[in-house]
């Protein structure tokens, strides 16, 4: 090999090494980037979605298209970030794990419990709503939580959800039947395996509309309410959290959040008159 050839080989090797080093640096930078930086870089906002949870989420089983209040919210958020929404199917119990595992960038309708605050972060509330009880047909409509806090009462809940937490907190003497998702818990009530189900009010209203084999909606006293927030990964860069909090406050104060929720209810045939006064958003 002459000198010119040797120089050419050396330069080529240096270029390859530099390229590999640059690719490695870019990969490391991407891995360490904040959620907001990653969304802006990729143009994709990954959102956890849950089948059959109207008015939040609705999946058309024929087309596979998603709609609902939280889909409208996600699209509006994405538009502010010059991004598009990518849906990732999850459950109420798993979406926290999906955030931790970097599978999604945003989870809607997350109640900010102290336990969750140790592992994820939250925006300010989207809305505040109540916990209710869906009964099976023929089961006496409870006026208080104490009325179903009995060993002979079977309460169906979706494991790991806030429904689970409320049932165990206020009905510790009842027989709690845990299911992997809310649909299975509702089915247990519809088929008589369970006497009732604890659900957030906005979910309970649409569930009763879709399931004529269920009984009634009860709003036991004391009235239990929790804020509903957006969940995000915990990170030192606060820009994404601050942006989502400003977005939530702005749309709630303008009444836009209420419009999205009412539109979600309309999709399952519910008008504002069908929604109990205790269900606020």
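Observations
- Residue within region 217-234 that is part of a helix (DSSP H, G or I), under 18 Å from residue 57 (Cβ atoms) and touching a residue at least 60 places away in the same chain (Cβ under 8 Å) present: no
- Checked against the criterion of being in contact with a helix residue (DSSP H, G or I) (Cβ under 6 Å, 6 or more places away or on another chain) and more than 29 Å from residue 236 (Cβ to Cβ), region 71-94 has at least one qualifying residue.
- Residue selection: residue 248 fails the criterion of being at pLDDT below 90 and in the same structural domain as residue 98 (by TED's automatic domain parsing).
- Looking across region 236-250, the residues that are in contact (Cβ under 8 Å) with a residue 12 or more places away in the chain and either within 19 Å of the chain's Cα centre (by Cα) or crowded, with 20+ Cβ neighbours inside 10 Å (or both) come down to 240, 241, 243, 244, 245, 247, 248, 249.
- Enumeration of residues in region 31-49 that are over 17 Å from residue 75 (Cβ atoms) and in contact with a strand residue (DSSP E or B) (Cβ under 8 Å, 6 or more places away or on another chain): 35
- Unique match (being in a helix (DSSP H, G or I) and in contact with a strand residue (DSSP E or B) (Cβ under 9 Å, 6 or more places away or on another chain)) among 250, 240: 240
- Residue in region 254-268 that is assigned by TED's automatic domain parsing to the domain that holds residue 120, within 23 Å of residue 66 (Cβ to Cβ), out of contact with any strand residue (DSSP E or B) (no Cβ under 7 Å at 6 or more places or on another chain) and in a loop (DSSP other than H, G, I, E, B) present: yes
- Looking across 208, 217, 224, one residue alone is under 30 Å from residue 171 (Cβ atoms) and within 20 Å of the chain's Cα centre (by Cα). It is 224.
- Test: residue in region 29-37 that is over 21 Å from residue 264 (Cα atoms), in contact with a helix residue (DSSP H, G or I) (Cβ under 7 Å, 6 or more places away or on another chain), at pLDDT 95 or above and crowded, with 17+ Cβ neighbours inside 10 Å: yes
The values are calculated or read from the model by the stated rules, or taken from the named source; none is laboratory data. Note that the structure is a prediction, hence the values are computed from the model and not measured. Glycine also receives a Cβ, built like all others from the backbone with ideal geometry; neighbour counts cover every protein chain displayed.
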